[in-house]
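Heads up: the structure comes next, in structure tokens.
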Amino acid sequence: MTVVVLERFLADEAATARFGEDLAMALRPGDVLALKGDLGAGKSTLARALIRALADDAGLDVPSPTFTLVQSYDTRIPVHHFDLYRLSSAGEMDELGFDEALLQGAALVEWPERAEAALPRTSIWIELVHQDEGRLAKLSGQGVAFERVARSLAMRDFLKTAGWGDAARRHFVGDASARSYEIVSLAGLAPRVLMNSPRLVLGPPVRDGKPYAVIAHTAQSVTAFVAIDKALLSQGVSVPKIHAEDLERGFLLLEHLGSEGFLDGNDEPVAERYAAAAELLAMMHGKTWPQRMEAVPGVFHEVPPFDRDAMLIEADLLVDWYVPMVTGSPASEALRAGYHREWNAVLDRLDTQEYTLMLRDFHSPNIIWRGDRKGHDRLGIVDVQDALMGPAAYDVASLAMDARVTVSPDIEQRTVDAYVAARHAAVGFDEDAFRRAYAIMAAQRNSKILGIFVRLEKRDGKPYYLRHLPRIRDYLRRALAHPALSGLKEFYMAHGLLEERLP
């Protein structure tokens, strides 16, 4: 790998503190920041700012580890601050527990040149030197960690162009994709959300020479979010206003809609909020949506269809990932053929007349509750970039069978009934066709999610998603209870796909 070098001029202590924040936002477990510089160059100042940003505590006591050699902090990402000035040899790194520290979190290393041979090749080297009235930070490194740091610095540059260059940055939320969000704040102004949405990296071909994301119509750039967000806003849906955008690099500065969700103080779903969200969907499904949406003048996004290929490639995640986990071996060709046969028979029963703009992940993590507002404005909607043109019932199923919240059968029914009642105000609404489509889409979505959550554990090292599997199996049983899915239900039961298993 080629070593990359970047430079940042830090005019004063405030600029050094912001640089520390920029590094903190990029840090991940296993990362090593090697801080070089003469005495008084600002290494401890930089480390202190970084640790305080990770802790979200501007007053956190961060003493120099000169005498203790290492100080550890239980921050959002555990961080271990090493000072190797008194080290006599690189071999002493073992006694400090350096390798164990990297298994737990990240490391900041002052005087790294005293144990350079013991540091990973992927370490990010930061040399601080005095320049004029400030200091120059020279960064060098290689690999994904350095790319993350470089992207975080580019996000600071984006904030500067938007007039928010002095803003404080704090981690807000990440999701199962490569996207991440931060809260940025300036004194006297309402906080905003900084969205980091790198261009999607397409995987290998999986069918007909196409990668999974192409077949499933996953958004590949932030242009999709901008176009769909603006279309929704124009139709009275409370999505974030976009204050600044960089479509090429995938950065957005957004209105902060709030942080209250759909759960009460005991982490139980609030039925009234789910019903209100269902009524918002009914309003949206009563409108006509263009398939071609403008992001910025002259730049358009074509909203893809949720076609059969997309539905099936998503449903295949169950046989690709879930089946091997619960059976201990890959799915057989016979199982795959039977699975496709049953799913094609079910999808033949979908009513294509009820296709509309489908947000795809319309569930509690992506809906903000704003109780001080009125009507549909009480619901702030985020994460809209993967919207498709598909069955109206899909988003209702996504909401009423919330993947990360245990929605009881009673609240599920109340949510669906609220949607149906609101849709009956429109001429030509076919309730029987809707409820059939709801069951089909609920079965498809929950089959997909069983596979995704296993994939997140097996491929991406995120085991905490497995705790949701019992809930998803329960949702799948509810969906398959509809008479239109009797053949599919029999197939799932015959292959043990509805049985409770560990995890």
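The values are calculated or read from the model by the stated rules, or taken from the named source; none is laboratory data. From a predicted model like this one, the values you see are computed outputs, not experimental measurements. We place every Cβ from the backbone using ideal geometry, glycine too, and count neighbours over all the protein chains shown. Only protein heavy atoms, including side chains, enter the accessible area calculation; ligands, DNA and RNA are left aside. Shrake-Rupley method; radii C 1.70, N 1.55, O 1.52, S 1.80 Å.
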_Here are the criteria: (1) surrounded by fewer than 20 Cβ atoms within 10 Å (Cβ to Cβ); (2) under 17 Å from the mean Cα position of the chain (by Cα); (3) not in a helix (DSSP H, G or I). Tell me which single one ALA190 does not satisfy._
(2)
*So which pairs qualify, if the first residue must be in the range 476-491 and small (Gly, Ala, Ser), the second must be at pLDDT 95 or above and open to solvent by 50 Å² or more (accessible area, probe 1.4 Å), the Cβ gap must be under 7 Å, and the two must be at least 6 apart or on different chains?*
ALA484/ARG436
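For (1) over 26 Å from the mean Cα position of the chain (by Cα); (2) in a helix (DSSP H, G or I); (3) free of Cβ contacts under 8 Å to residues at least 12 places away in the same chain, each residue gets a yes or a no:
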{"residue": "LEU252", "(1), (2), (3)": "no, no, no"}
{"residue": "GLY261", "(1), (2), (3)": "no, no, no"}
{"residue": "HIS301", "(1), (2), (3)": "no, no, no"}
{"residue": "MET311", "(1), (2), (3)": "no, yes, no"}
{"residue": "SER329", "(1), (2), (3)": "yes, no, yes"}
{"residue": "ARG336", "(1), (2), (3)": "yes, yes, no"}
{"residue": "ARG341", "(1), (2), (3)": "yes, yes, yes"}
*Is one or more of the residues making up the range 242-249 open to solvent by 40 Å² or more (accessible area, probe 1.4 Å), part of a loop (DSSP other than H, G, I, E, B) and within 26 Å of ALA49 (Cβ to Cβ)?*
yes
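Considering only the range 454-464, I want to know if a residue exists there that is under 18 Å from the mean Cα position of the chain (by Cα), open to solvent by 20 Å² or more (accessible area, probe 1.4 Å) and hydroxyl-bearing (Ser, Thr, Tyr).
Here is the first cut: in the range 454-464, the ones under 18 Å from the mean Cα position of the chain (by Cα) are 454-464.
Pick out the ones that are also open to solvent by 20 Å² or more (accessible area, probe 1.4 Å) and you get 455, 457-464.
If we keep only those that are hydroxyl-bearing (Ser, Thr, Tyr) as well, we get 464.
Checked against the condition, which is being under 18 Å from the mean Cα position of the chain (by Cα), open to solvent by 20 Å² or more (accessible area, probe 1.4 Å) and hydroxyl-bearing (Ser, Thr, Tyr), the range 454-464 yields at least one hit.
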*Say whether the condition of being closer than 27 Å to LEU247 by Cα and without any contact (Cβ under 8 Å) to a residue 12 or more places away in the chain is met by at least one residue in the range 280-295.*
yes
*Residue ID - nearest to ASN196 (Cα to Cα), chosen from residues in the range 250-259 that are in contact with a His (Cβ under 8 Å, 6 or more places away or on another chain) and open to solvent by less than 10 Å² (accessible area, probe 1.4 Å)*: LEU253
*Answer yes if at least one residue in the range 426-435 is open to solvent by less than 10 Å² (accessible area, probe 1.4 Å), over 24 Å from ARG308 (Cβ atoms), part of a helix (DSSP H, G or I) and at pLDDT 95 or above, and no otherwise.*
no
*Given the structure, is ALA47 open to solvent by less than 60 Å² (accessible area, probe 1.4 Å), within 16 Å of GLU127 (Cα to Cα) and assigned to a loop (DSSP other than H, G, I, E, B)?*
no
*Across the range 74-108, which residue is farthest from ILE126 (Cα to Cα) among those that are surrounded by 19 or more Cβ atoms within 10 Å (Cβ to Cβ) and not aliphatic (A, V, I, L, M)?*
THR75
*Please work out which residue is least open to solvent (accessible area, probe 1.4 Å), limiting yourself to the range 218-235 and to residues that are touching a Lys or Arg at 6+ places or on another chain (Cβ under 9 Å) and in a loop (DSSP other than H, G, I, E, B).*
VAL222
*Members of the range 18-30 found to be in a loop (DSSP other than H, G, I, E, B) and open to solvent by less than 10 Å² (accessible area, probe 1.4 Å), listed by number*: LEU27
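Given GLY390, GLY375, which one is under 23 Å from GLY451 (Cα atoms) and either open to solvent by 60 Å² or more (accessible area, probe 1.4 Å) or among the small types (Gly, Ala, Ser) (or both)?
Numbers: GLY375 fails: under 23 Å from GLY451 (Cα atoms).
Unique residue meeting the criteria: GLY390.
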_Of all residues making up the range 110-153, the number that are crowded, with 17+ Cβ neighbours inside 10 Å and of a type in the set (A, V, I, L, M)_ = 11
*Restricting to the range 164-173, what's the tally of residues that are at pLDDT 95 or above and either open to solvent by 60 Å² or more (accessible area, probe 1.4 Å) or of a type in the set (Asp, Glu) (or both)?*
1
*For GLU354, state whether it is touching a strand residue (DSSP E or B) at 6+ places or on another chain (Cβ under 7 Å) and loosely packed, with under 14 Cβ neighbours inside 10 Å.*
no
